[in-house]
Amino acid sequence: MNRQRLRILGMAALLTVVVIPAAAQGNLDARIDSNIADWVGNYKFLHEHPELSAEEKETSALLAAQLKKVGYQVTDHFGQYQDGKTAYGVVAVLRNGNGPTLYVRTDMDALPVTENTGLSYASKVREKRPNGEVGVMHACGHDLHMTVFLGTAKMMAETKDKWSGTLVLIGQPAEEGYGGAEAMLRAGLYDKFPRPDYVIALHDSAALPAGTVGWHAGPLLAGADSVDITIRGFGGHGAMPNATKDPIVIGAELVVALQTIVSRESDPLTPTVVTVGSFHAGTKHNIIPDEAHLQLTVRTMTPAQRERVLASIKRMTDGIAEAAGIPAERAPIIEVSKTSVPATINDAALTPRVTASLEKALGKEHVWPGEPIMASEDFSLFAREDPKPPISMFWLGASDPEKWKEAKQKGARLPGPHSSEFAPLPEPAIRTGVKGMTTAATDLLQK
Ligand SMILES: [Zn+2]
Ligand SMILES: [Zn+2]
């Protein structure tokens, strides 16, 4: 958007606020028009100032200040991580008479990715690491989520006559690992604040053009488990393998065997991934080491499938070690990470309600069937804590529609979340997000 247009929109905003606040009631489009320049500015500011997981000090302060300004009762620095560190969670409550309690959640953290978009508002933030510097970038688009969230907060506060109930807005830290949702839930989110009847959220998607959204009932994102395996053999001289139990050979057999969990044991219609992402053992050509270490990521779409896959990993690991002659007291050590997250399963009753609101707000032609993906989200955890509320997340199209069309014709994919080249188109993505989310929230809190 050029300066001229920004200035015109800015003037339009002033005129709307000064002259016709009451007349604009009910006209969400007019309200969005009068704010969109601010929101695009907000987005660019957030994009230029990313903070890594569990370090969202300034970002959460910005959210808290803006939410307070539009009338929410705000608690910040809410949540505690497993290591005792305080989380930068934000909880903003707007009570508006009788009715259900709706939670709307955004995430706030960025990623250690060096931005390569060439945008004028690209992040220049760098983080020092022991082996050099790494860039920090909102490569997952959580800046877009926050912008839509703040826009929705303002719209809901300005249209209190249209809904009744309690709106709770959650600014969640540390979505990208480190356990931000868990930190907020463990600190008593559902006890210290009104208990949710529904929890909704959105996530941007490069697979959809800006201006559209995507819906999907059922599993939307996979559950993710990290598994560490230590194979304990008996080391010795590389020239005398007969006097050892070689953990590298056991580990190599295991890597191949693990491939059969997906290819031979799993229902081909149930998406499952088992990846060995790290395999470390040994120090030198002629030494057989004592141990080998494997690190796996496991992605599953249902709790039952998760249990099956984890059980298969254990059975194969123990079995292959035993077959190699490893005694029971040196059996492999298998650890499943405590920060695992379950699959994000969009509630079967809530999702069609949200989708109907999106269709009403955006027109059916802009509401597309969305595809599940094997990435994961700790948004899933909001459904696990009592009162176990129904949850639903929709995809917010983020790609430039022209580039999207071009890529589609070529059968190519545009850079998406976690890519250094991921560049959402702020307008119309923000407009679409705010309009869709505000309408969904208003409908769920129907008078
Ligand atoms: Zn991400
Ligand atoms: Zn994300």
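The values are calculated or read from the model by the stated rules, or taken from the named source; none is laboratory data. All values derive from a computational prediction rather than experimental measurement. Cβ sites come from the backbone with ideal geometry, for glycine too, and all protein chains shown count toward neighbours. Ligands, DNA and RNA are excluded from the accessible area calculation, which covers all protein heavy atoms including side chains. Shrake-Rupley method; radii C 1.70, N 1.55, O 1.52, S 1.80 Å.
Computed over neighbours whose Cβ is under 9 Å from that of G97, the net charge equals +3, Lys and Arg +1, Asp and Glu -1.
Could you give the dipole magnitude of the range 57-99 about its Cα centre, charging the beta-carbon of Lys and Arg +1 and that of Asp and Glu -1, in debye to the nearest 20?
Details: 5 positive and 3 negative charges, 33 e Å.
So the dipole magnitude of the range 57-99 works out to roughly 160 debye.
With the biggest extent put first, the Cα atoms of the range 83-131 measure 54, 35, 11 Å across the principal axes. Build a GNM of the chain with springs between Cα atoms under 10 Å apart, and of T75, T283, T355 the one that fluctuates most is T283.
Taking Cα centre as origin and charging only the Cβ of basic (Lys, Arg, +1) and acidic (Asp, Glu, -1) residues, the dipole magnitude of the chain rounds to 980 debye. Rolling a 1.4 Å probe over the heavy atoms of the protein chains gives the range 268-372 an accessible area of 56 Å² per residue. Over the range 276-400, the pair-distance histogram of Cα-Cα distances with 5 Å bins from zero comes to 2, 8, 13, 15, 14, 11, 9, 8, 7, 5, 4, 3, 2, 0 percent, rounded to whole numbers. Among the helices of the chain, those built from whole DSSP H runs whose Cα atoms reach 27 Å or more along their own axis and whose mean Kyte-Doolittle hydropathy is at least -1.0 are 28-48, 303-323. Principal semi-axes of the equivalent ellipsoid, √(5λ) from the alpha carbon gyration tensor of the range 179-327, are 41, 19, 15 Å from largest down. Computing FRET efficiency as 1/(1 + (r/R0)^6) for T86 and K128, where r is the C-beta to C-beta distance and R0 is 22 Å, gives about 0.45. Comparing P401, P194, L28 along the charge dipole axis of the chain, the residue lying farthest to the positive side is L28, per the Cβ-charge model. Separation of the alpha carbons by more than 23 angstrom is noted, of K410/K435; K360/K410; K57/K85; K154/K435; K192/K388; K69/K124, for K410/K435; K360/K410; K69/K124. At q = 0.20, 0.21, 0.25 Å⁻¹, what is the base-10 log of I(q)/I(0) for the range 148-198 according to the Debye formula with one equal point scatterer per Cα and no solvent? Please give it to two decimals. These q points yield log10 I(q)/I(0) values of -0.85, -0.90, -1.03. Overall shape of the range 62-169 was characterised from the C-alpha gyration tensor. The equivalent ellipsoid obtained from it has semi-axes of 33, 18, 10 Å, in decreasing order. Once the 1.4 Å probe is applied to the protein heavy atoms, the range 188-267 comes out at 40 Å² accessible per residue.
Counting 0.36 nm for each residue step from S337 to K314 and taking away their Cα separation leaves a gain of 6.9 nm.
Of the residues H293, G99, A311, the one whose Cα sits farthest towards the positive end of the charge dipole of the chain is G99 (charges of +1 on Lys and Arg Cβ, -1 on Asp and Glu Cβ, taken about the Cα centre).
On the range 280-416, 54 percent of the accessible area sits on carbon and sulfur atoms, based on a 1.4 Å probe.
Radius of gyration (Cα atoms) of the range 313-374, expressed as a multiple of 2.2 N^0.38 Å: 2.19. The convex hull built on the alpha-carbon positions of the chain has an orientation-averaged projected area of 24.4 nm². Of all DSSP-defined beta bridges confined to the chain, some 70% are antiparallel rather than parallel.
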